[in-house]
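Structure first, commentary second.
The values are calculated or read from the model by the stated rules, or taken from the named source; none is laboratory data. Remember, predicted model here, so these are calculated numbers, not experimental data. Cβ atoms come from the backbone with ideal geometry, glycine included; neighbour counts cover every protein chain shown.
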Amino acid sequence: MVKQQIIISGVGGQGILFVTRLLAETAIQKGMPVLTSETHGMAQRGGVVISHDKAGEFARPLVRPGKADLILLLKGENLASHRHFLKPGGTVIMNAREVPADRGELEVIAVDADGLALKLGNPQVVNLILLGFALTARGRERLFCAGHDVVEVIKRKLAEKGKLLAASLRALEAGMGEGNEG
C-alpha cells in the first residue's frame, strides 16, 4: 500500500486547511488510512499555517524532519522555514515565478499560481492551482491520488455551492494543465 507524507504551508486565509481536508477525504475515498494535523500562526489571517497530511499506515500525525515526500508551499517565502521536513529525493512545489537560487540540493519546482489565479479572475484559488499542479507535475506521480479522485471529492464537498464548485474545478484544472506542460 502507498504511504505518503505531505507538508502544506502558507499563511492564514490561503486555504491550506481546505487542501488538507481534500487530500484526507480523497485518501479515505480510496480506502486509505489518513492522519492530519495543522499548526496555526499567531494571526488568523496572515500568520503561518502548516499542515501535516499522511496517507497510508502511520502511527503519528506529524511529519518528522527529513521525512516529507512532498512539500506544497502556497507562500514561497516559507521554503526556508519548512525545507527541513523534506526527505532526500522528495519534492517541493512552490508558488513562485522562479525557483530560488538558494535551494541547495532540493528538487524545487516553481509554479506561478498567483499569476494563474489572477488570469482566472480569482486570487483566492491559489491553493487549488498548486494542488492541481502537484497532481500532474511534469508527468511524474507526486501524490497518492489522481486528478479525477480529487475532482470527485470537490464535487461532493461543494455540491450545493454552484459558483464555488465551478471556480474550484477551473482552478484545479488550470493547475493540472500547468503541470502537464513542464
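Quick notes on this one:
- Taking residues in the range 140-167 that are touching a residue at least 12 places away in the same chain (Cβ under 8 Å), and partners anywhere that are of a type in the set (D, E, K, R), the pairs with Cβ atoms closer than 6 Å and at least 6 places apart or on different chains are VAL153/GLU25.
- Test result for ALA134, in contact with a Gly (Cβ under 9 Å, 6 or more places away or on another chain), of a type in the set (Gly, Ala, Ser), over 23 Å from ASP69 (Cα atoms) and in a helix (DSSP H, G or I): no
- Residue within the range 111-123 that is modelled with pLDDT under 95, of a type outside the set (Lys, Arg) and within 28 Å of VAL2 (Cβ to Cβ) present: no
- Look at (1) of a type in the set (Gly, Ala, Ser); (2) within 22 Å of ALA146 (Cα to Cα); (3) in contact with a strand residue (DSSP E or B) (Cβ under 6 Å, 6 or more places away or on another chain) and you find that GLY89 fails only one, number (3).
- For the range 82-105, filtering for residues that are closer than 11 Å to LEU70 by Cα and assigned to a loop (DSSP other than H, G, I, E, B) leaves 0.
- Scanning the range 33-60 for residues that are acidic (Asp, Glu), at pLDDT 95 or above and touching a helix residue (DSSP H, G or I) at 6+ places or on another chain (Cβ under 8 Å) gives a single hit, ASP53.
- Residues being small (Gly, Ala, Ser) and surrounded by fewer than 24 Cβ atoms within 10 Å (Cβ to Cβ) - total across the range 113-133: 3
- The one condition from (1) over 23 Å from GLU141 (Cα atoms); (2) surrounded by 13 or more Cβ atoms within 10 Å (Cβ to Cβ); (3) among the hydrophobic types (A, V, I, L, M, F, W, C) that ALA59 does not meet is (2).
- Hits in the range 64-101 - residues which are of a type in the set (S, T, N, Q) and either more than 14 Å from the chain's Cα centre (by Cα) or farther than 25 Å from ALA117 by Cα (or both): SER81
- Checking GLU105 against (1) within 17 Å of the chain's Cα centre (by Cα); (2) surrounded by fewer than 21 Cβ atoms within 10 Å (Cβ to Cβ), the condition it does not meet: (1)
- Among the residues listed as THR26, THR20, the single one being surrounded by 20 or more Cβ atoms within 10 Å (Cβ to Cβ), free of Cβ contacts under 8 Å to residues at least 40 places away in the same chain and of a type in the set (Val, Ile, Thr): THR20
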